[in-house]
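The values are calculated or read from the model by the stated rules, or taken from the named source; none is laboratory data. Fair warning: this is a prediction, and the values are worked out from it, not measured in the lab. Neighbour counts are summed over all protein chains in view; Cβ atoms, including those assigned to glycine, are modelled from backbone coordinates with ideal geometry.
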Amino acid sequence: MWQCDVDGACDGCHEGAGRIGGELTPLLWIAVTGLVAVGIAGTVLPGLPGPILVFAGLALAAWIDGFERVGVATVGALAALTAATYVLDLAATAVGVRRFGASRWAILGAVMGTLVGLAFGLVGLLVGPFLGAFTAELIARRDVAHAGRAGLGTWLGLLLGVAGKLGLVVAMVAIFVVAYLR
């Protein structure tokens with residue numbers, strides 16, 4: 001039998017103390033892996049809330065372990081980084097749009113171009129946002145030169161936003177791994 005303190009706190013006298021999940025633990029770890037993998041993909045691909053999925057996976061992993069290795073403070077820092085990914089994404093897109101004089105139509109066109117570009121693989125993901133922004137801006141302003149600048153600015157803003165989000169998501173995973181292995 002276990003020998004814990006009078007108040008029920010375990011000082012590590014038995015294996016698995018403080019851990020949550022029991023027989024479901026292997027399935028929960030599979031869910032963690034799936035959430036993080038899909039979240040990393042969703043950070044680059046549109047339509048998936050990538051950083052939120054990564055955070056959910058990492059928070060689930062901390063919970064499975066009873067927050068013993070990865071504490072609540074670390075999970076809070078991961079939540080802050082998750083929020084920062086969205087702020088960074090919006091800021092990068094806004095800078096690209098403003099710097100090159102694009103309209104809101106260009107942003108909408110870039111989003112639509114990205115979604116259509118998904119059907120064409122990596123090339124579609126790279127070219128789709130530019131073509132969408134260019135086309136929407138051309139329809140809105142009927143100036144090819146301006147539409148080209150707007151398309152380029154929107155595309156660069158989206159690209160920088162995705163790169164920044166991916167960097168923050170990788171940092172989130174690294175912080176978790178360091179805390180977990182400590």
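In the stretch 57-80, what count of residues is obtained for those that are within 30 Å of Ile107 (Cβ to Cβ) and buried (at least 18 other Cβ atoms within 10 Å of the Cβ)?
So the answer is 2.
Selection of the stretch 126-163 for residues being in contact (Cβ under 8 Å) with a residue 40 or more places away in the chain, among the small types (Gly, Ala, Ser) and closer than 16 Å to Leu115 by Cα yields only Gly151.
In summary, Leu125 fulfils each of the numbered conditions (1) part of a helix (DSSP H, G or I); (2) modelled with pLDDT of 85 or more; (3) under 30 Å from Phe176 (Cα atoms) with the single exception of condition (2).
A search for C-beta distances below 8 Å between a residue of the stretch 171-182 that is surrounded by 12 or more Cβ atoms within 10 Å (Cβ to Cβ) and any residue that is among the acidic types (Asp, Glu), counting only pairs 6+ apart in sequence or on different chains, returns Tyr180/Asp65.
How many of the residues making up the stretch 135-144 are part of a helix (DSSP H, G or I) and surrounded by fewer than 24 Cβ atoms within 10 Å (Cβ to Cβ)?
Taking the stretch 135-144 first, the residues part of a helix (DSSP H, G or I) are 135-141, 144.
Pick out the ones that are also surrounded by fewer than 24 Cβ atoms within 10 Å (Cβ to Cβ) and you get 135, 138-141, 144.
Total satisfying the criteria: 6.
From the list Gly128, Gly132, which one is buried (at least 19 other Cβ atoms within 10 Å of the Cβ), over 22 Å from the mean Cα position of the chain (by Cα) and not hydroxyl-bearing (Ser, Thr, Tyr)? Give the steps one after another, and end with the answer.
Values: Gly128 fails: over 22 Å from the mean Cα position of the chain (by Cα).
One residue alone meets the criteria, Gly132.
I need the full set of residues from the stretch 91-122 which are in a helix (DSSP H, G or I), of a type outside the set (Val, Ile, Thr) and in contact with a Leu (Cβ under 7 Å, 6 or more places away or on another chain), in order please. Those that are in a helix (DSSP H, G or I), of a type outside the set (Val, Ile, Thr) and in contact with a Leu (Cβ under 7 Å, 6 or more places away or on another chain): Ala92, Gly96, Ala110, Gly113, Gly117, Leu118.
Does Leu88 satisfy the condition of being aliphatic (A, V, I, L, M), at pLDDT below 90 and assigned to a helix (DSSP H, G or I)? Quick ask: steps written out before the conclusion?
Details: aliphatic (A, V, I, L, M): yes; at pLDDT below 90: no; assigned to a helix (DSSP H, G or I): yes.
So Leu88 does not fit the description; no.
Taking the numbered list (1) under 11 Å from the mean Cα position of the chain (by Cα); (2) part of a loop (DSSP other than H, G, I, E, B); (3) buried (at least 21 other Cβ atoms within 10 Å of the Cβ) in turn, Leu53 passes all entries but (2).
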